[in-house]
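Worksheet: the structure to be examined is printed underneath.
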Amino acid sequence: MDTAKAVANSDEASLNQEAIKVEDLHKSFGQLEVLKGVSLTACKGDVVAIIGGSGSGKSTMLRCINFLETPSSGKITIGGELVEMHADGSPSNRRQIERIRTRLAMVFQQFNLWTHRSLLENVIEVPVHVLKVPKSQAIVRAHELLERVGLGDKADTYPAYLSGGQQQRAAIARALAVDPSVMLFDEPTSALDPELVGEVLTVIRDLAAEGRTMLLVTHEMKFAREVANHVVYLYEGRIEEQGPPAEVFGNPKSDRLKQFLSSVA
Amino acid sequence: MIDLKSLMQPHRIVMMLVFVGFAVWCAYALRWDWLPKYAPLALYGIWTTLWLLVVTVVLGFLLAVPLGLMQAVGPWYLATPAKVFCTIIRGTPLLLQLWLLYYGLGSLFPQFPWIRSSELWPYLRQAWPYAVLALMLSYAGYEGEVMRGAFKGVAKGQLEAARSFGMPRFTMFRRIWLPQALRNVLPTLGGETILQMKATPLVATITVVDIYAVSSRVRSDTFIIYEPLILLAVFYILVAGLIALGFHWLEVQVLGTGRRTQ
């Protein structure tokens, strides 16, 4: 394993603390090989920021972890449970993958709130209809979560009536409602107007501070440096460099990373 | 919905007066003495038209959902037959389909003794099962195509979000995909249902006594031509109006405030 990880409590980093372990992940779209063998481990409480230019495969990697994209090969272990895969990389046990997905909540670039339901209905949808939580209980919790992301007064509003920042905060509330063991953020602020980015980052920063395990694909370098305890730089489908943010941003070793950082600064 | 002020425009008042004048003229100048005699039959015909419409729209739509789904996302061995079915139904006249079923199947069945002796025979020798079948298949064919577009039109991210939370496939279909697809095509379905209503008189050609058949009966019995046809037109317009209102109500109820898209 070439994925030495900086964990706050590295002494206790035993096997069952590994929230996500990706080994030698490959993914091709037809002839185009997007991921060329990526390995990555995130332990409980880690905030891993994944950075890289467009087309470097960072979103694809994130989407392979919950099998929204089917990996071409590799091994993925979630919370100590190896995902069963066919030889072609597709998950072979649909129930297993559905069960695992309920523990991984994803926040999308385009928010993807269900447009035919109000914010409250969006937030209780998965708890009630997938996790079978009693509806009254889910509603109480949903109000708390909407309150927490600053949308307490918008529970009955439909997504189309909200700004992008509000929608993304609601999407985060929806993700929190399943009490996920890992949160996957797929460029959560890339579709937002500049003045709305801050409100979403504030919410994510709070989540990081309370010790949530998160994988964060982002273009916000300052933010990544601030909240992440591990940064991964992807270049053309491979991990070019990784380490603690102070190292990766403060003292980059690879020329490509230096060039990348100077181009986004 | 309609406020009185907008009705009280000069051109609208004139139109209304013309209409009232026409109605009064019809009442006094035309013959209505046949009405009491044929009223019971007319009620029976109205009942037949209405249940035929409702039953075939409901059954046809239930068939259209899987037809649309198969074409939108099914594997080729499901998508192709569904596509062929919809193409044939939409590419041939309903009258032809109706006659093929009634005169074709209807004359094929009696040749098999086991069919003649079956429990179903008392029904199969009547005309209405063939009318129901033909109208249902027709509605399914057209709406199958509409639903194909509706299912495909749901944004990919909506379904991806559901999948990413581990929502089982049927739950996703029931909670996210179908409601969003329906919401996109509800106005279209309203129009198609009115078209289906206007297709129902064809069943009179295979001896089903709907309201159109009753008006023909009146004409051939009494040689009164226009009066039954005028009443027939009024009936169809009323039903079409009711269908339009019903779908409008559904749109407001179902779509509500969530209709605005991003």
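The values are calculated or read from the model by the stated rules, or taken from the named source; none is laboratory data. Quantities reported herein were computed from a predicted structural model and do not represent experimental measurements. Quick reminder, even Gly has a Cβ in these numbers, built from the backbone with ideal geometry, and neighbours come from all protein chains shown.
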Practice problem: Identify the single condition in (1) on the phi > 0 side of the Ramachandran plot; (2) surrounded by fewer than 18 Cβ atoms within 10 Å (Cβ to Cβ); (3) of a type outside the set (Val, Ile, Thr); (4) at pLDDT below 90 that residue A:93 does not satisfy, given that it satisfies every other one. | Solution: (1)
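Does the stretch B:53-68 include one or more residues that are farther than 30 Å from residue B:148 by Cβ and more than 13 Å from the chain's Cα centre (by Cα)? Walk me through it before giving the result.
As a first pass, look at the stretch B:53-68 and keep what is farther than 30 Å from residue B:148 by Cβ: none.
Looking for residues that are farther than 30 Å from residue B:148 by Cβ and more than 13 Å from the chain's Cα centre (by Cα), one finds none in the stretch B:53-68, hence no.
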Self-check item: Single unsatisfied condition, residue A:6 versus (1) modelled with pLDDT under 90; (2) surrounded by 15 or more Cβ atoms within 10 Å (Cβ to Cβ); (3) part of a helix (DSSP H, G or I)
Solution: (3)
Self-check item: In the stretch B:129-172, the residues that are assigned to a helix (DSSP H, G or I), more than 22 Å from residue A:180 (Cα to Cα) and aliphatic (A, V, I, L, M)
Solution: B:131, B:132, B:133, B:134, B:135, B:136, B:137, B:140, B:146, B:147, B:150
Quiz item: How do the helices (runs of 4 or more DSSP H) wholly within the stretch A:190-263 filter down when requiring 2 or more residues that are surrounded by 15 or more Cβ atoms within 10 Å (Cβ to Cβ) and in contact with a strand residue (DSSP E or B) (Cβ under 6 Å, 6 or more places away or on another chain): which remain?
Solution: A:221-227, A:245-250
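Checking the condition touching a helix residue (DSSP H, G or I) at 6+ places or on another chain (Cβ under 9 Å), surrounded by fewer than 23 Cβ atoms within 10 Å (Cβ to Cβ) and of a type in the set (Phe, Trp, Tyr), which residue from B:139, B:123 passes? It would help to see each step written out before you state the result.
Numbers: B:139 fails: surrounded by fewer than 23 Cβ atoms within 10 Å (Cβ to Cβ).
Being touching a helix residue (DSSP H, G or I) at 6+ places or on another chain (Cβ under 9 Å), surrounded by fewer than 23 Cβ atoms within 10 Å (Cβ to Cβ) and of a type in the set (Phe, Trp, Tyr) holds for just one of B:139, B:123, which is B:123.
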Quiz prompt | Evaluation of residue A:153 against (1) surrounded by fewer than 18 Cβ atoms within 10 Å (Cβ to Cβ); (2) on the phi > 0 side of the Ramachandran plot; (3) not β-branched (Val, Ile, Thr) (one fails), failing number | solution = (2)
Quiz item: Within the stretch A:118-153, which residues are part of a helix (DSSP H, G or I), among the β-branched types (Val, Ile, Thr) and farther than 9 Å from residue A:173 by Cβ?
Solution: A:124, A:126, A:128, A:139, A:140
Quiz prompt | Members of the stretch A:173-204 that are touching a Lys or Arg at 6+ places or on another chain (Cβ under 9 Å), within 14 Å of another protein chain (Cβ to nearest Cβ) and of a type outside the set (S, T, N, Q) | solution = A:173, A:176, A:177, A:178, A:179, A:180, A:182, A:183, A:184, A:186, A:187
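Report whether or not residue A:127 is over 20 Å from residue A:204 (Cα atoms), over 18 Å from the mean Cα position of the chain (by Cα) and within 11 Å of chain B (Cβ to nearest Cβ). Quick ask: steps written out before the conclusion?
Working: over 20 Å from residue A:204 (Cα atoms): yes; over 18 Å from the mean Cα position of the chain (by Cα): yes; within 11 Å of chain B (Cβ to nearest Cβ): yes.
When the stated conditions are applied, residue A:127 passes them.
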Self-check item: Among the residues listed as A:102, A:60, A:77, A:115, the single one being surrounded by 16 or more Cβ atoms within 10 Å (Cβ to Cβ), of a type outside the set (Lys, Arg) and more than 14 Å from chain B (Cβ to nearest Cβ)
Solution: A:77
Self-check item: the stretch A:143-156: number of residues that are within 14 Å of chain B (Cβ to nearest Cβ) and either modelled with pLDDT of 95 or more or in contact with a helix residue (DSSP H, G or I) (Cβ under 6 Å, 6 or more places away or on another chain) (or both)
Solution: 2
Quiz item: Residues of the stretch B:220-256 being under 30 Å from residue A:158 (Cβ atoms), at pLDDT 95 or above and of a type in the set (Val, Ile, Thr), which ones?
Solution: B:243
Practice problem: Output the residue which, of all residues in the stretch B:69-97 that are within 22 Å of residue B:156 (Cβ to Cβ) and in a loop (DSSP other than H, G, I, E, B), is farthest from the chain's Cα centre (by Cα). | Solution: B:75
Self-check item: Among residues of the stretch A:178-222, those that are among the charged types (D, E, K, R) and more than 24 Å from residue A:57 (Cβ to Cβ), counted
Solution: 8
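With the stretch B:175-262 as the region, which helices (runs of 4 or more DSSP H) entirely inside it contain at least 1 residues that are aromatic (Phe, Trp, Tyr) and surrounded by 15 or more Cβ atoms within 10 Å (Cβ to Cβ)? So that I can check it myself, show each step before the final result.
Details: elements: B:178-199, B:211-222, B:226-250.
Correct list: B:211-222, B:226-250.
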